[in-house]
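**Student:** Sending over a structure as structure tokens; questions will come in a sec.
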Amino acid sequence: MKPDSGRFDVAVIGGGSAGLAAAISAARNGARTLLVERHGCLGGMGTASLVHTFCGLYLLREEPGAVIANPGFCEEIATLMTQATGRGPLRMGRLDVLPQHPVEFVGIADGLIASEPLIELRLHTVVTGVSRDADGWEIRLAGCAGAHVVRARSLVDASGDAVVADFLGGAFSIAPPLSLQRPAYVFGVHGPVALDEELRLRTAGLLVEGVRSGALHAAALGLSFRNSGRPCEFFGTLDLDGGDAAADYDPLDPACLGRLETHGRAIAASAVRWLCGHDAHWRGSYISHWPVRAGIRESRRWLGGYTLTGDDLASGRRFEDEIALATWPMEFRETAKGPKLRYPQDNRPAGIPLRCLKPAGIGRLFVAGRCISADHEAQASIRVMGTCFATGEAAGRAAAKAASSP
Amino acid sequence: MRVTKTTPPNPTDLIDWLNHEGLLELDWDFPEDGDLAAAGLDSMAVMQLVVAVEDCFGLELGPDDLTRANLATPKALAALLAAKMS
């Protein structure tokens, strides 16, 4: 293993929405920060998995007009995205969301990182282990050029999968396979000129007909399409329930994920072919790009100083040490039959205490994003990117502060 | 095996049925002319609806049946099912 001169105040594992926010926030709080990401760009689910909506940015309210729930990084990224796409918040049913474009998200993340001289970004790098000693953290990295060791005073686990909990044998929880939120497989489509409501419904009917006739796999019933905001470009989203192997679903097992993704591609390709051949609007359409990976909604969850619960969310509970507000309803995707939403009483936001970001008994370690300390129900709300930006920002700030204290 | 229903549902029964099938979560006082799209009947839910209608009522809804007008409200949907049954 090659020695690496790298010594940082803060190291952030994972460059998704939470890790990006954590690194920026740590750097802005004066910390020399390392950001480690396994892919060639930042953004995680919002780029590699083509998830094209920022949920959880806005308060839940009856009145029209979207109101940012967490000022700071959430507001900054919402402004940058709106400037890039020309699209502001949309109300979908009872919820305000910000449509986002994965291509723009990559560019925005590049721009943000470039403007922070204290951040050192390591793309194409995975973390293979961490250990804690009196001085801080030793972090083992691997890339195509081999293995390296770096050191940091504070560590932020923004991996989404609580990998640090696994490395340390720390306390985490994971729902049983049939309860885990199902992954989404999102792909790009070059398609009809206008996908209006009529065509959307007609498309649903065509897919059912395809399944009924035996030409399409039943999983095609989990497919829906949305405009990307660019002419003739759409995203298809397929929720994968794992089919006959649903009871064996394991988001941490590369073989399982690979099988699901291969299956997702086959279903998507046959569905788009079917639509092309059976409807004039869809003629000439094709799949223009695949995601780098399936969109994972849930895997390991850290057990921290406090575990946020579904009841906390449902009642809009607030905390003395809260660092952000959770505003997205608990969105259950335990089957591929579309979401089941559980709304809080009177649209109240719930607080997320700092204790959810601090694994119990391990100093200078913080968690951000979908793997913070929350139960399965609460995780169904806090996993969304809008909330991940907020927990990331808070974790980065706390990590920078911890790094500068003795 | 499920027994296929042979009489078309009235709009109120249809609201109960949509809830019972887990297709939507409508309030008990959801109006007969309430907006189903706003209540969550999106294209994914429509596909589940078509499958459930086939299971419960033995009716095959095709792409031409799935118009915005036919799916707008419990009343419109009940009328569609009644028309398909007769």
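The values are calculated or read from the model by the stated rules, or taken from the named source; none is laboratory data. None of the values given here were measured: they were computed from a predicted structure. When we count neighbours, we look across all protein chains shown, and the Cβ atoms used for this are built from the backbone with ideal geometry, even at glycine.
**Student:** Determine the pairs where a residue that is more than 9 Å from chain B (Cβ to nearest Cβ) and closer than 19 Å to residue A:308 by Cβ, located within region A:333-352, has a partner that is in a helix (DSSP H, G or I) and of a type outside the set (A, V, I, L, M, F, W, C) with Cβ atoms under 6 Å apart, the partner being 6 or more residues away or on another chain.
**Tutor:** Pairs that qualify, where the first residue is more than 9 Å from chain B (Cβ to nearest Cβ) and closer than 19 Å to residue A:308 by Cβ and the partner is in a helix (DSSP H, G or I) and of a type outside the set (A, V, I, L, M, F, W, C), are A:345/A:315; A:350/A:312.
**Student:** Return yes or no: is residue A:155 at pLDDT below 95 and either on the phi > 0 side of the Ramachandran plot or crowded, with 17+ Cβ neighbours inside 10 Å (or both)?
**Tutor:** When the stated conditions are applied, residue A:155 does not pass them.
**Student:** Right, something else. From A:298, A:322, which residue is within 26 Å of residue B:22 (Cα to Cα) and at pLDDT 95 or above? Give the derivation first.
**Tutor:** On the way: A:322 fails: within 26 Å of residue B:22 (Cα to Cα).
Every option except A:298 fails the conditions.
**Student:** What residue, among those in region B:32-59 that are over 19 Å from residue A:341 (Cα atoms), touching a residue at least 24 places away in the same chain (Cβ under 8 Å) and within 11 Å of chain A (Cβ to nearest Cβ), is surrounded by the fewest Cβ atoms within 10 Å (Cβ to Cβ)?
**Tutor:** B:52
**Student:** Go over the candidates B:34, B:62, B:40 one by one and state the one that is part of a loop (DSSP other than H, G, I, E, B) and on the phi > 0 side of the Ramachandran plot.
**Tutor:** B:40
**Student:** Moving on to the next point. Out of the residues in region B:72-86 that are touching a helix residue (DSSP H, G or I) at 6+ places or on another chain (Cβ under 6 Å) and free of Cβ contacts under 8 Å to residues at least 60 places away in the same chain, which is nearest to residue A:217 (Cα to Cα)?
**Tutor:** Filtering first and then ranking leaves B:80.
**Student:** Residue pairs, Cβ under 7 Å, 6 or more apart or interchain, first in region A:381-406 and under 17 Å from residue A:307 (Cα atoms) and not assigned by TED's automatic domain parsing to the domain that holds residue A:309, second surrounded by 24 or more Cβ atoms within 10 Å (Cβ to Cβ) and not aromatic (Phe, Trp, Tyr). List them.
**Tutor:** Correct list of pairs: empty, since none qualify.
**Student:** Could you grab me the full set of residues in region A:266-281 that are part of a helix (DSSP H, G or I) and within 12 Å of residue A:210 (Cβ to Cβ)? Steps first, please.
**Tutor:** Filtering region A:266-281 for residues part of a helix (DSSP H, G or I) gives A:266-278, A:280-281.
Listed by number, the residues that qualify are A:267, A:270, A:271, A:272, A:273, A:274, A:275, A:276, A:277, A:278.
**Student:** Residue A:160 passes all but one of (1) touching a helix residue (DSSP H, G or I) at 6+ places or on another chain (Cβ under 7 Å); (2) at positive phi; (3) without any contact (Cβ under 8 Å) to a residue 40 or more places away in the chain; which number fails?
**Tutor:** All conditions pass for residue A:160, except number (3).
**Student:** Among the residues of region A:182-201 satisfying the criterion of being buried (at least 23 other Cβ atoms within 10 Å of the Cβ) and not in a strand (DSSP E or B), which is nearest to the other protein chains (Cβ to nearest Cβ)?
**Tutor:** Ranking the candidates gives A:201 first.
**Student:** When you scan region A:38-150 for strands (runs of 3 or more DSSP E) that lie fully inside it, which ones turn up with 2 or more residues that are over 27 Å from residue A:329 (Cα atoms) and without any contact (Cβ under 8 Å) to a residue 60 or more places away in the chain?
**Tutor:** Numbers: elements: A:90-92, A:95-99, A:119-122, A:126-133, A:136-143.
Once the strands (runs of 3 or more DSSP E) in region A:38-150 are filtered for at least 2 residues that are over 27 Å from residue A:329 (Cα atoms) and without any contact (Cβ under 8 Å) to a residue 60 or more places away in the chain, what remains is A:126-133, A:136-143.
**Student:** Output the residues belonging to region A:293-312 that are within 19 Å of the chain's Cα centre (by Cα) and not in a loop (DSSP other than H, G, I, E, B).
**Tutor:** A:295, A:301, A:302, A:308
**Student:** Still on this model: Can you give me the number of residues within region A:5-37 that are outside any strand (DSSP E or B) and on the phi < 0 side of the Ramachandran plot?
**Tutor:** 17
**Student:** While we're on this one: Can you work out which of the residues in region A:204-260 that are under 19 Å from residue A:335 (Cβ atoms), in a helix (DSSP H, G or I) and among the acidic types (Asp, Glu) is modelled with the highest pLDDT?
**Tutor:** Across region A:204-260, the extreme among qualifying residues is A:248.
**Student:** Here is a further query. If you go through region A:277-286 one residue at a time, do you hit one that is modelled with pLDDT under 95, at positive phi and within 14 Å of chain B (Cβ to nearest Cβ)?
**Tutor:** Within region A:277-286, none of the residues are modelled with pLDDT under 95, at positive phi and within 14 Å of chain B (Cβ to nearest Cβ).
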